[in-house]
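For reference, the structure I am asking about is given below.
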Amino acid sequence: MEYLHTMVRVTDLDKSLEFYCDKLGLYQVSRSDYEKGRFSLIFLAAPGDKDSADADKRPCLELTYNWDPETYTGGRNFGHLAYRVDNIYETCQRLMDMGVTINRPPRDGHMAFVRSPDNISIELLQKGDALPPQEPWASMENTGEW
């Protein structure tokens, strides 16, 4: 058995691509537009997965964009996506500087949560051992749900 991808539905493709690519740092592996079915499938991957994503399209995040408007509710009941990062504090600061809310700050130097424009929870995990607690993260409160 091999892990291939996780699919999430998105309501605004431009905002979603800005979040996942420009802010989170994923890159687009492929895109297919299905005019007859009126939807697009965009596969994204983390830079550290580039070789396997380019060769086998895995592991990937599949964004499904239905061209006709739909309302999706309860993004939290999906669970979450998780990505390992080199420095949790630098990653969270970079995201904050780009306007992303840090819903669960990395108080422990190990884990943080943010949300996509469609309210999908994204868990960020520190690569290796947790970093020593530091301000402003150590005393920062949670914001909203994560």
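Take the Cα atoms of segment 1-85, find their three principal axes, and give me the spread along each one in whole Å, biggest first.
34, 30, 29
While we're looking at this one, here's another question. ³J(HN,Hα) across segment 132-140 via Karplus (A = 6.51, B = -1.76, C = 1.60, θ = phi - 60°), whole Hz, x for Gly/Pro?
x, x, 8, 7, x, 5, 4, 10, 6
Stretch residue 107-residue 27 to full length: gain in nm at 0.36 nm per residue minus the Cα-Cα span?
On the way: separation 80, 0.36 × 80 = 28.80 nm, distance 2.82 nm.
That works out to 26.0 nm of additional length.
In segment 46-126, which chymotrypsin sites (Phe, Trp or Tyr not before Pro) are in a loop and have at most 16 other Cβ atoms within 10 Å, using DSSP for the loop call?
Numbers: sites: 65, 67, 72, 78, 83, 89, 113; in loops: 67, 72.
Listed in order of number, the matching sites are 67, 72.
Next up: Does segment 106-145 come out rounded, prolate or oblate, given a ≥ b ≥ c as the square roots of the eigenvalues of its C-alpha gyration tensor, rounded meaning a/c under 1.5 and, failing that, prolate meaning a/b above b/c? Working shown, then result.
Numbers: a/c = 3.85, a/b = 1.49, b/c = 2.59.
Taking the square roots of the gyration eigenvalues as a ≥ b ≥ c, segment 106-145 is oblate.
At R0 = 35 Å, how high is the FRET efficiency between residue 143 and residue 41 if r is their beta carbon distance? Nearest 0.05 is fine. Can you show the working numbers first?
Working: r = 32 Å, r/R0 = 0.91.
Result of the calculation: an efficiency of 0.65.
Would you work out the relative contact order for the chain, in percent, from Cα pairs under 8 angstrom that are 6 or more residues apart? Each step should come with its number before you reach the end.
Numbers: 271 pairs, mean separation 31.3, N = 146.
About 21 percent, as a whole number.
Gain in length, residue 82 to residue 34, computed as 0.36 nm per residue apart minus the alpha-carbon separation, to one decimal in nm? Mind dumping the intermediate values first?
On the way: separation 48, 0.36 × 48 = 17.28 nm, distance 2.85 nm.
Roughly 14.4 nm would be gained on extension.
If I compute solvent accessible area with a 1.4 Å probe over the protein chains, what percent of it on the chain is carbon and sulfur?
Values: 3970 of 8410 Å².
C and S fraction of accessible area: 47 percent.
Using only the Cα atoms, what convex hull volume per residue in Å³ does the chain have?
Values: hull volume 17.7 nm³, N = 146.
It is 122 Å³ per residue.
Pull up the cross-link candidates among the aspartates and glutamates for residue 23, meaning alpha carbon to alpha carbon under 18 Å and not fewer than 8 places away within one chain.
By straight Cα distance, residue 23 reaches 12, 14, 49, 62, 86, 90, 97, 118, 123.
Each residue of segment 24-32 in order: what ³J(HN,Hα) in whole Hz does its phi give by Karplus 6.51 cos²θ - 1.76 cosθ + 1.60, θ = phi - 60°, with x for Gly and Pro?
Here the 3J(HN,Hα) series is 7, x, 6, 10, 7, 7, 7, 9, 10 Hz.
For the chain, take the longest principal axis of its alpha carbons; what is the angle in degrees between that and the long axis of helix 88-97, to the nearest 10 within 0 to 90?
70 degrees
Can you give the relative contact order of segment 81-135 as a percent, counting alpha carbon pairs under 8 Å and 6+ residues apart? Could the numbers behind the result be given before it?
On the way: 95 pairs, mean separation 21.9, N = 55.
Value for segment 81-135: 40 percent.
The values are calculated or read from the model by the stated rules, or taken from the named source; none is laboratory data. Source: prediction; values computed, not measured. Please note: Cβ atoms are built from the backbone with ideal geometry, for glycine as well, and neighbour counts cover all protein chains shown. All accessible areas refer to the heavy atoms of the entire protein, side chains included, with ligands and DNA or RNA removed. Shrake-Rupley method; radii C 1.70, N 1.55, O 1.52, S 1.80 Å.
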